[in-house]
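Below: one structure, written as structure tokens.
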């Protein structure tokens, strides 16, 4: 297999890290995929190898708390099988994200206070703080094709957004997926500058069941990166303004 040396930004899938070695004042990382071995030189390496529930040394089984898929079993109100005991965060072994844990905590506290509220995992944004950033909420294209009868997809490029041009952040796009029957938004995926900030509006749109018209009818400030979201919605309806058709 060929060994390449690169300092550019790349994404590698179906790959594994063979070796990390000190090389002068940098780190040399060897990555193997199906086609080749790539050697990358970088200043730092961040290793993220997954997460498991951490009970802090507490013997959960001895307390009689039910376990489920390696985590503490809870219902939609974040209650365990023992009355008066609730669990939230990574220990429940569900979606292990800080913002999900925060919402679980709110749901638990409200139920403790006598306010009936359930935890929903239907609309959860995911962010990758890479360069460029990646953010996603809702169904992927593959999931949408399985769950919906037919879908529409439109990608609005960053290079057609005024703010992105002034920031010199031309790489990236907003990808919108909608149900062809009623143009209801099924998923929004963003790659580009500040994707993690933009995904908030996308999450709200899915949480409230918005369709493409709802987004278009909402005035967005100019010039902003957020304008790319209604531009993508215009593409869903077949009349994008700032891209060639």
inquiry  = Residues to consider are 64, 57, 73; find the one that is farther than 28 Å from residue 16 by Cα and touching a helix residue (DSSP H, G or I) at 6+ places or on another chain (Cβ under 9 Å).
reply    = 73
query = Considering segment 75-92 alone, what residues qualify as being touching a strand residue (DSSP E or B) at 6+ places or on another chain (Cβ under 9 Å) and in contact (Cβ under 8 Å) with a residue 24 or more places away in the chain?
reply = 77, 78, 79, 86, 90, 91, 92
inquiry  = Looking at segment 154-170, can you tell me whether even one residue there is surrounded by fewer than 19 Cβ atoms within 10 Å (Cβ to Cβ), assigned by TED's automatic domain parsing to the domain that holds residue 223, touching a helix residue (DSSP H, G or I) at 6+ places or on another chain (Cβ under 9 Å) and part of a strand (DSSP E or B)?
reply    = yes
key: Qualifying residue in segment 109-121 (condition: outside the structural domain of residue 193 (by TED's automatic domain parsing), surrounded by 13 or more Cβ atoms within 10 Å (Cβ to Cβ) and closer than 19 Å to residue 207 by Cα)   = yes
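Consider residue 83 carefully, then state whether it is surrounded by 12 or more Cβ atoms within 10 Å (Cβ to Cβ), not assigned by TED's automatic domain parsing to the domain that holds residue 132 and not in a strand (DSSP E or B).
Spelling it out, it is not the case that residue 83 is surrounded by 12 or more Cβ atoms within 10 Å (Cβ to Cβ), not assigned by TED's automatic domain parsing to the domain that holds residue 132 and not in a strand (DSSP E or B).
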ask   = Hey, among 58, 52, 31, which residue is exposed (fewer than 13 other Cβ atoms within 10 Å of the Cβ), modelled with pLDDT under 95 and under 28 Å from the mean Cα position of the chain (by Cα)?
value = 52
ask   = In segment 129-151, what count of residues is obtained for those that are touching a residue at least 60 places away in the same chain (Cβ under 8 Å) and surrounded by 14 or more Cβ atoms within 10 Å (Cβ to Cβ)?
value = 7
key: Residue list for segment 56-74, restricted to those being in contact with a strand residue (DSSP E or B) (Cβ under 8 Å, 6 or more places away or on another chain) and either in a loop (DSSP other than H, G, I, E, B) or in contact (Cβ under 8 Å) with a residue 24 or more places away in the chain (or both)   = 65, 66, 73, 74
message = For segment 177-188, which positions are within 13 Å of the chain's Cα centre (by Cα) and surrounded by fewer than 23 Cβ atoms within 10 Å (Cβ to Cβ)?
response = 187
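Okay, residues lined up against (1) under 17 Å from residue 190 (Cα atoms); (2) without any contact (Cβ under 8 Å) to a residue 60 or more places away in the chain; (3) part of a strand (DSSP E or B); (4) in the same structural domain as residue 189 (by TED's automatic domain parsing):
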{"position": "205", "(1), (2), (3), (4)": "yes, yes, no, yes"}
{"position": "209", "(1), (2), (3), (4)": "no, yes, no, yes"}
{"position": "215", "(1), (2), (3), (4)": "yes, yes, no, yes"}
{"position": "218", "(1), (2), (3), (4)": "no, yes, no, yes"}
{"position": "221", "(1), (2), (3), (4)": "no, yes, no, yes"}
{"position": "228", "(1), (2), (3), (4)": "yes, no, no, yes"}
{"position": "232", "(1), (2), (3), (4)": "yes, no, no, yes"}
{"position": "241", "(1), (2), (3), (4)": "no, yes, no, no"}
{"position": "244", "(1), (2), (3), (4)": "no, yes, no, no"}
message = Being within 21 Å of residue 122 (Cα to Cα), in a helix (DSSP H, G or I), under 18 Å from the mean Cα position of the chain (by Cα) and at pLDDT 95 or above: is that true of residue 144 here?
response = yes
query = Taking residue 78, is it over 30 Å from residue 174 (Cβ atoms) and surrounded by 17 or more Cβ atoms within 10 Å (Cβ to Cβ)?
reply = yes
ask   = Has segment 1-13 got at least one residue that is surrounded by 13 or more Cβ atoms within 10 Å (Cβ to Cβ) and free of Cβ contacts under 8 Å to residues at least 40 places away in the same chain?
value = no
inquiry  = Take the residues in segment 108-121 that are touching a residue at least 24 places away in the same chain (Cβ under 8 Å) and in contact with a strand residue (DSSP E or B) (Cβ under 9 Å, 6 or more places away or on another chain); name whichever of them is farthest from residue 144 (Cα to Cα).
reply    = 112
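The values are calculated or read from the model by the stated rules, or taken from the named source; none is laboratory data. Here the structure is a predicted model, which means the values were calculated and not measured. Cβ atoms come from the backbone with ideal geometry, glycine included; neighbour counts cover every protein chain shown.
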